[in-house]
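To keep things clear, I will list the structure first and then write my remarks on it.
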């Protein structure tokens, strides 16, 4: 079965990535999607004095589930098999690690809406994923 990892961050560009994966799944036939949302690392030292690690993890998990809701609904409506995962960490590393661990054949990400200068200064998560990944990376506009 052809497995596509789709990174979902809740912004419009990631919805485009989900729609692209649906189109690809229809063309391929025997395909499934792994949705992943990456939440930031649990907490800094200053916060840990006031909030437990468990409370922060619960908050990240809840936020991840909220972000994944629309993508799950789109895949369910299209009758494309999927699984969803919430990863804690930095976006590029979390996405690439999840794709590797799940044996994905491709990673699909949405193009961010940031301008050229922003991408040059801060770097692009999609570009970092493309450099790190051992599988093809599709960036959807």
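General observations
- Pick from the stretch 16-46, criterion surrounded by 13 or more Cβ atoms within 10 Å (Cβ to Cβ) and at pLDDT below 95, ranking: nearest to residue 69 (Cα to Cα): 39
- Whichever residue in the stretch 103-112 is modelled with pLDDT of 95 or more and within 18 Å of residue 14 (Cβ to Cβ) and, among such residues, is surrounded by the fewest Cβ atoms within 10 Å (Cβ to Cβ): 106
- Test: residue in the stretch 47-68 that is under 13 Å from residue 4 (Cβ atoms), modelled with pLDDT of 95 or more and either surrounded by 12 or more Cβ atoms within 10 Å (Cβ to Cβ) or within 16 Å of the chain's Cα centre (by Cα) (or both): no
- Residue 76 vs. criteria surrounded by fewer than 18 Cβ atoms within 10 Å (Cβ to Cβ), at pLDDT 95 or above and more than 24 Å from residue 128 (Cβ to Cβ): yes
- The residues listed here are 18, 33; of these, the one that is touching a helix residue (DSSP H, G or I) at 6+ places or on another chain (Cβ under 6 Å) and assigned to a helix (DSSP H, G or I) is 18.
- First in the stretch 113-135 and under 22 Å from residue 12 (Cα atoms), second anywhere and modelled with pLDDT under 55 and loosely packed, with under 10 Cβ neighbours inside 10 Å, Cβ under 7 Å, 6 or more apart: none
The values are calculated or read from the model by the stated rules, or taken from the named source; none is laboratory data. These numbers were taken from a predicted model, which means no experiment stands behind them. Note that each Cβ is placed from the backbone with ideal geometry, even for glycine, and that neighbours are counted across all protein chains shown.
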